[in-house]
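Please read the structure below before turning to the comments.
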Amino acid sequence: MKQELAEDLNPATVPPSVLAVPRYLEEVYWWAYVHPTAVRVFERQWLVNAILWGNFSRLRDAALDAMDLPPQGRLLQIACVYGDLTTRLAARMTGKTSLDVVDVLPVQLSNLQRKLCGHPRIGLFQRNSTALGYADDVFDRTLLFFLLHEQPDAVRRQTLAEAVRVTAPGGRIVIADYHGPSRMHPLYYLFRPVLALLEPYALDLWRSDIASWLPQQAGVRIESRRTFFGGLYQLVVLVRE
Ligand SMILES: C[S@@+](CC[C@H](N)C(=O)[O-])C[C@H]1O[C@@H](n2cnc3c(N)ncnc32)[C@H](O)[C@@H]1O
């Protein structure tokens, strides 16, 4: 696949992928993202909202607010998301900002292209989050919305290293994802086995702080953290130094 997909991301014309599908996507998430019917099943606002126990809009808006979009500059979203996250982000962009969205799966990029209806300042690119292929320090804002919990430890570490590397000094990295609730949370014992079965790496985020996957001497500081829905979700803002 060409690196620059923005002009020809018509699902009918997307050429075969040149990037290998990561093993964890094939083995764990084939039903959610890789299988040809996945988009048809999951691309429903009510369903993504239900998967987040009714918190999708709240988390989406909190993440977009936390991006504190600059009047001009380059934005990066690492991985497509079902629902209206990216169209809402696009609606907040001024005429002088541009957005790159990267994803490893052409089917997900095609789906997003359909939702964006050819937005002129948004480019879609097939990239692996572990090897983004951009120069250092090129983005003013980088968004990771519920990606890290899907990735095995070493992949998550590399994704964060890449997010930090491509974000410019003074730029922000906004992360929304799972977080470990207390044992008193009504869903603690109900949801834990569901995650263990369907999203096994997600429990890493129940156990450990996101900072533990940041590279040493990352040149990044944690500006803020918030938890949502009794601690089941978190929003972390990192600032590149
Ligand atoms: C952001 S995550 C989950 C978002 C959320 N759960 C939703 O409703 O869509 C899903 C996306 O991550 C992408 N993805 C997973 N691993 C990736 C990787 N290593 N590089 C780039 N994209 C990746 C998948 O292809 C998929 O489109």
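FYI, it's all coordinate maths here, none of it is from the lab. All of these numbers come straight from a predicted model, not from anything done at the bench. Here the Cβ is made from the backbone with ideal geometry for all residues, glycine too, and neighbour counts use every protein chain on show.
Which one of Met184, Leu64, Val239 is farthest out on the positive end of the charge dipole of the chain, using unit charges on Cβ (Lys, Arg +1; Asp, Glu -1) and the Cα centre as origin?
Working it through, the farthest residue towards the positive pole turns out to be Met184.
Taking the C-alpha atoms of the chain, how large are the radius of gyration and the largest Cα-Cα span, Dmax, in Å?
16.9, 51
Please work out the Cα center distance from region 66-108 to region 218-241, rounded to the nearest Å.
The two parts, judged by their Cα centres, are 19 Å apart.
Specify the residue with the greatest mean-square fluctuation among Met93, Met67, Met184, computed from a Gaussian network of the chain linking alpha-carbon atoms under 10 Å apart.
Maximum fluctuation in the GNM of the chain, among the listed residues, is at Met184.
Once you have the Cα-Cα distance between Arg225 and Arg92, take 0.36 nm times their residue separation minus that, and quote the gain in nm to one decimal.
Working: separation 133, 0.36 × 133 = 47.88 nm, distance 2.25 nm.
Between Arg225 and Arg92, full extension yields an extra 45.6 nm.
Helix-only estimate, please: 222 nm mean residue ellipticity of the chain, summing -39500 (n - 2.57) across DSSP H runs of length 4 or more and dividing by its residues, to the nearest 500. Walk me through the intermediate numbers first.
Working: 9 runs with 78 residues, N = 241.
When only DSSP H runs of four or more count, the value is -9000 deg cm²/dmol.
Once the other residues with Cβ under 15 Å from the Cβ of Ala135 are scored (Lys, Arg +1; Asp, Glu -1), what is the net sum?
Values: positive: Arg74, Arg127, Arg165, Arg240; negative: Asp100, Asp136, Asp137, Asp140, Glu162.
Result for the local shell: -1.
Within a Cβ distance under 14 Å of Thr227, other residues only, what is the Lys/Arg minus Asp/Glu net charge? Kindly include the intermediate steps, with their values, before the conclusion.
Working: positive: Arg58, Arg225, Arg226; negative: Asp177, Asp209.
Here the charged neighbours net out to +1.
Using modelled backbone amide H atoms (1.01 Å from N, in-plane), which distant-in-sequence or interchain residues come within less than 5 Å of Phe139's amide H?
Excluding prolines and chain starts, which carry no amide H, the hits are Thr167, Ala168.
Considering only Leu203, Leu190, Leu69, give the residue with the highest GNM mean-square fluctuation for the chain, with springs between Cα atoms whenever their separation is below 10 Å.
The residue that fluctuates most here is Leu190.
For the chain, set up a GNM with springs between Cα atoms under 10 Å and report which of Glu150, Glu199, Glu162 has the largest fluctuation.
For the chain, modelled as a Gaussian network with Cα springs under 10 Å, the answer is Glu199.
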